[in-house]
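For reference, the structure discussed in these notes is given below.
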Amino acid sequence: MARPNDDVAALLQEYADLVQISGGDAFKARAYEKAARAIGGHHTDVSTLDARALRDIPNVGRSIADKVAAYLTTGTMPEVEQARARIPDGVRRLMAIPTLGPKKALTLYETLGISSVPALREAIEAERLRDLKGFGPKTEENILHGIDVLQASGGRVRLAQAAETAEAVVAALTAIDGCERCTWAGSLRRMRETVGDLDILVAARRSAPFMDALTRLPHVAETLAHGTKKTSVRTTDGLQIDLRVVPPGSWGAALIYFTGSKAHNIRIRERAVRHKLKLSEYGLFHTETGRKIAARTEEDVYRRLGLPWIPPTLREDRGEVAAALRGELPVTVTDADIRGDLHTHTDLTDGLASLEDMVDAAARRGLEYYAVTDHAPDLVMQRMTDEKALAQRDAVRALDGRHRGMRLLHGTELNIDPDGGVDWDAEFLAGFDVCVASVHSHFRQSRDALTRRLVRACENPHVHIIGHPTTRILGKREPVDADLDAVFAAAARTGTALEINSHPNRLDLNDENILRAKRHGVKFAIDTDAHSVRDLEYHRFGVGTAQRGWLTTDDVINTWPLPRLLRHLDGTGTTR
DNA sequence: GCCGTTTTCGGCCCGACTGTTTTCAGTCG
């Protein structure tokens, strides 16, 4: 279901992992990793490119280009197949456990025959790792904890993957004769950060063509159920898709029902009962007469319940029904409200695309301002220097004006050091239009130290935005343990915006933290943290998350017109 | 395996932290 680029990227990454595990040339593994990343982030669909054109992608040379071209024709890559035959896939999956890399994975496989995450947990609990060289008690503890982190996402997939699959399914089903309406519902429509399974809804008079079509879609691995009202399949990447076909007259009621959340549905059903009505996926009915009084659209159903239409992202039973009744439903921020991006990278540090390509792509997206914020020197591996930063500033200034209607800002993403300081002194920092500051190291300091560190970063007058404030990575790294209320208070006091990082692996701050921060009076920046042209599309996930946090345009600084934004940036860091 | 060139092979983001070990390997960003 994935796009060809992602498909190929996953395959190359898998090969890189297998090379690493089998102790192959580390530089070869690195080369495959770089090619995977380059292809994953490449803007054109690689299935439209031949071997020659593939070689124009940076870090893709003759060997990989030929392999990819052959794969796109034949559907297999022999080298990967051979590597798979030597090392079970479960061994590779062990590497998904934080703190467990290729060397430990191979040791576990070779000495104990462990080739799955559950088997590893069992082995640790049976104390079978005790005699293994290089595995002490702390390592066991870290692995067990890592498994917990990994499994906390419980088989749920991230928003971007779910959205991509859903879009493909909806496109396929919409093309079928007799399709009156088709969309996704469920937690994807509510934009939860992870999605357990996809709910697809079709309005049509006959269901069979849609049910059949679903089972025949590419990347469908198995059919779990096949009926007239509901069909369920599982994709090759393990995502379950439930399709329901409803009569067009029930569309609105069904959409509400299958969008959820369950708690929201219970809340509005209770309201129906109090009005002597009954709400189901088929419609809103008079309890006594059984007469249908609304069902065709969501608006109709909500209206007959005495409510305005409630955006799906608010339907979590967090007080949205009460707010709606008071007429105080927030007018939440939308994709169209986003005027700029204040956190992006280029290939000067770890981005994939050049400054020019990123800027052109931002202009195509209709942004009114765009900040380039490459990494600062303390993140040593990025090899940033004062000279490079200044040269980039000249390049940014020179490019400004290339796209009428889009203003370029030169910024940086600073590293918040263990004490809360950042890379450059005040004088140098003053030269940037916008400074994002983020934690990139020392994630496991004490709660007090982390809190002080983030508060101090907020108090730095040159820091405008705290990037990915909790540093969590879904399924990989837990949020840092800081007193977030203290951080939120400091951010509000100093006018430092907190980022809503839109990358689907981060979504940081998350909805619940946004709600808390907003109560402190914090302002937010919804940024993509784009490392490639394609990443610029991630804004919608950040916007969805912001909606779930009840944010309006007044809360989000990059929905503001440029003059207001610049005034705000000028005043940041001073206590008001 | 890629890149760049000093065109035919040498260098490849580099440093810090952790845990295990007793001088360093593995993992991470």
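Remarks
- Scoring A:167-174, A:64-71, A:82-89 by mean Cβ neighbours within 10 Å over their residues and listing the highest first yields A:64-71, A:167-174, A:82-89.
- Close amide H partners of residue A:226, meaning residues 5 or more places away or on another chain with modelled amide H under 5 Å apart, are A:232.
- Packing-based order for A:218-225, A:540-547, A:552-559, using average beta carbon neighbours within 10 Å, highest first: A:540-547, A:552-559, A:218-225
- For region A:223-229, 3J(HN,Hα) per residue [Karplus equation, 6.51 cos²θ - 1.76 cosθ + 1.60, θ = phi - 60°, Hz, x = Gly/Pro]: 9, 8, 7, 9, x, 8, 9
- Sequence-distant residues sharing a close amide H with residue A:344 (under 5 Å, placed H): A:373
- Every helix of 4 or more DSSP H residues in chain A counts as -39500 (n - 2.57), and over all residues that averages to -12500 deg cm²/dmol at 222 nm.
- DSSP finds beta bridges in chain A, and of those with both partners inside it, around 45 percent are antiparallel.
- Computed extension length for residue A:354-residue A:228: 40.2 nm, one decimal, from 0.36 nm per residue of separation with the Cα-Cα distance subtracted.
- Karplus-derived HN-Hα couplings along region A:432-442 (A = 6.51, B = -1.76, C = 1.60, θ = phi - 60°), whole Hz, x at Gly and Pro: 8, 6, 8, 10, 8, 10, 9, 8, 10, 7, 6
- Rounded to whole numbers, the Karplus 3J(HN,Hα) couplings from phi for region A:556-564 are 10, 5, 8, 9, 7, x, 3, x, 5 Hz, using 6.51 cos²θ - 1.76 cosθ + 1.60 with θ = phi - 60°, and x at Gly and Pro.
- Peptides A:306-318, A:468-480, A:450-462 ranked from most to least packed, by the mean per-residue count of other Cβ atoms within 10 Å: A:450-462, A:468-480, A:306-318.
- Compactness ratio for chain A: Cα radius of gyration over 2.2 N^0.38 Å (N = residue count) comes to 1.04.
- In this structure the amide hydrogen of residue A:181, modeled in the peptide plane, comes within under 5 Å of the amide hydrogens of A:203, none closer than 5 places in sequence on its chain.
- Region A:98-257, relative contact order [Cα under 8 Å, separation at least 6], %: 16 percent
- Pairs of lysines in region A:4-152 (C-alpha under 24 Å apart; 8 or more residues apart or interchain): 10
- Each of A:38, A:65, A:100 was placed along the dipole of region A:1-119 (beta-carbon charges, centred on the mean Cα), and the one lying farthest toward the positive end is A:100.
- Three-way shape label, region A:476-566, alpha-carbon gyration tensor, a/c 1.5: oblate
Every number here is computed from the coordinates shown, using simple stated rules; none is lab data. What you are looking at is a predicted structure, and each value in this text was computed from that prediction instead of being measured. Glycine also receives a Cβ, built like all others from the backbone with ideal geometry; neighbour counts cover every protein chain displayed.
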